[in-house]
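Below you'll find the structure, written out as C-alpha cells, and then a few comments.
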Protein chains: 2
Amino acid sequence: MKTKATFYHAGCPVCVEAEQQLARAIDPARFEVEVVHLGTAKNRVAEAEKRGVKSVPALVIGDAPLHINFGAPLSALK
Amino acid sequence: MKTKATFYHAGCPVCVEAEQQLARAIDPARFEVEVVHLGTAKNRVAEAEKRGVKSVPALVIGDAPLHINFGAPLSALK
C-alpha cells in the first residue's frame with residue numbers, strides 16, 4: 001500500500017517553486033501525492049492544522065509535517 | 001540522466017527525521033540522492049552555502065535550495 005503524502009500550499013511563488021521541485025520528486029511508486037491549495041480549499045485548513053502544519057508550503061508524509069522554506073503562516077489562510 | 005538531489009544535514013533530531021521522511025521519499029528512478037553530514041564533512045559547508053543553503057536540514061534539487069523545518073543555521077557549522 002502506498003504512503004499518503006499531502007502537499008499543502010496557497011499558490012504563493014514560494015509554494016509553486018516547492019511544488020515543482022519537491023512534490024514532483026516524490027516517488028510515485030511508493031507514495032500517493034495529493035496537492036491541496038488551501039487558498040481555494042479553505043475547508044481543509046483545519047485538517048492541515050490538525051496534522052501539524054504551521055505554514056505553507058508544507059508536505060505531510062504519513063504523520064510527519066515538513067515545512068519547506070516559508071510562504072505564508074496557516075493563520076493567514078483562515 | 002538523473003537530476004542530482006543533495007540532502008544537507010548535521011545529525012540533529014530534526015535533520016534525522018527529515019532525512020527519514022523526505023530524502024528517502026525521493027524517486028530513485030529520476031534522482032540521484034546524496035546525503036551530506038556537514039558536521040563531519042566540514043569541507044562541504046562552503047559548497048552548501050554557495051548553493052543557497054541557509055540552515056539544515058536542506059534539500060537542494062538542481063539549483064533550488066529547499067529548507068525543511070529548522071535544525072540549525074549554517075553559521076553554526078563553520
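The values are calculated or read from the model by the stated rules, or taken from the named source; none is laboratory data. This is a predicted model, so every value here is computed, not measured. Neighbour counts are summed over all protein chains in view; Cβ atoms, including those assigned to glycine, are modelled from backbone coordinates with ideal geometry.
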B:Ala58 at pLDDT 95 or above, touching a helix residue (DSSP H, G or I) at 6+ places or on another chain (Cβ under 8 Å), closer than 19 Å to A:Ala5 by Cα and more than 8 Å from chain A (Cβ to nearest Cβ): yes
Residue in the stretch B:24-36 that is closer than 21 Å to A:Phe70 by Cβ and within 9 Å of the chain's Cα centre (by Cα) present: no
Failed item, numbered, when B:Ala29 is tested on (1) within 10 Å of chain A (Cβ to nearest Cβ); (2) surrounded by fewer than 13 Cβ atoms within 10 Å (Cβ to Cβ); (3) in a strand (DSSP E or B): (3)
For B:Lys2: the one exception among (1) touching a strand residue (DSSP E or B) at 6+ places or on another chain (Cβ under 6 Å); (2) under 21 Å from A:Phe70 (Cβ atoms): (2)
Condition met for B:Leu22 (closer than 21 Å to A:Thr3 by Cβ, crowded, with 21+ Cβ neighbours inside 10 Å and either out of contact with any helix residue (DSSP H, G or I) (no Cβ under 9 Å at 6 or more places or on another chain) or of a type in the set (Phe, Trp, Tyr) (or both)): yes
Residues (within 10 Å of chain A (Cβ to nearest Cβ) and among the acidic types (Asp, Glu)) located in the stretch B:15-26: B:Glu17
Test: B:Val53 is within 14 Å of chain A (Cβ to nearest Cβ), at pLDDT 90 or above, part of a loop (DSSP other than H, G, I, E, B) and buried (at least 19 other Cβ atoms within 10 Å of the Cβ): yes
Selection from the stretch A:1-14 of residues that are surrounded by 18 or more Cβ atoms within 10 Å (Cβ to Cβ), away from every other protein chain (no Cβ under 12 Å) and not β-branched (Val, Ile, Thr): A:Tyr8, A:His9, A:Ala10
Top-ranked residue of the stretch A:63-78 - restricted to ones that are over 12 Å from the mean Cα position of the chain (by Cα) and outside any strand (DSSP E or B), ranked as surrounded by the fewest Cβ atoms within 10 Å (Cβ to Cβ): A:Asp63
